[in-house]
Amino acid sequence: MSRIPVALVLAASFVSGHAYAQAPAPALPLNTVVATGGFQGETVKATHALAWSTPEREVRLVLFDHPPSAGMLAAAKKGSFGEEGPVMRVYIGFKGAGRTLADVSDCFVNVHYPKGGPIGTNTDAKGCGLERVVTDGKPGSTVQLAMKGSGMAGLDARFTWDIKLNVPIAK
C-alpha cells in the first residue's frame, strides 16, 4: 500500500488578541465545495461556488446548491442575484499586502434559509470560525478555506455554518 505524505502547515498568527493557529491543509481537490448551514431545524447545503477579489483587498465567495448560470459571476459582482441567488455568501477582508489567516481584518458570513430567510454576521477571523485560508487573492489563482462557526439570529436563536472549499478566483 502506498502512502501519500500529508504536509501540515501550522502558521501561528495573532487575531483579536489571541494566538490563532492555522489548521492543516484540507484534502480537497480544486472545484470542491462542502458547505452546510443550520437554523432552527432548517439545513442548507452548498455544492458550488464562485470567487473573485475586489480592489478593497477582499476575496468574495457566493455558494450555491446548484451549478450557477453562465452570467451569475457578473451579476454576483454587482450584488444582483435574481431568482438564482446563492445559499451562502462569505466575504473575507485582508489588511496590508498579506493574504494569510493572520492578515484577515474582517469576515462576513450570510446563510439564506428557505423559511428563516437570510441571516448574517460581520466579524473577525475568529468570530467567523476561520480555521484556514490559503490564497494570494489574485485572479486566476485559488482560494482554499475551512470555517465553522455560529452567530446570533435574534435574541435567543443561533445559526451555524460549516464551509470547506477549494475554488478558483475568477479572472
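Values quoted throughout were computed directly from the atomic coordinates according to the rules given, and no laboratory measurement underlies them. Everything numeric in this text was worked out from a predicted model, so none of it was measured. Note: ideal-geometry Cβ built from the backbone for every residue, glycine included; neighbour counts use all protein chains shown.
Some notes on this structure:
- Put a dot 7 Å past the Cα of GLN40, heading toward its Cβ, do the same for ASN122, and the two dots end up 2.4 nm apart.
- Qualifying lysines (Cα of each under 24 Å from Cα of LYS148; at least 8 residues distant if same chain): LYS45, LYS95, LYS115, LYS126, LYS164
- Taking LYS171, LYS126 and counting other C-beta atoms within 10 Å, the order from fewest to most: LYS171, LYS126
- Residues THR54, THR135 arranged by fewest to most Cβ contacts within 10 Å: THR54, THR135
- The listed peptides 75-84, 34-43, ordered by packing as a protection proxy, come out as 34-43, 75-84 (highest mean of other Cβ atoms within 10 Å first).
- Shape call, region 27-168: gyration tensor on alpha carbons, a/c limit 1.5: oblate
- Computed extension length for ASP156-LEU28: 42.6 nm, one decimal, from 0.36 nm per residue of separation with the Cα-Cα distance subtracted.
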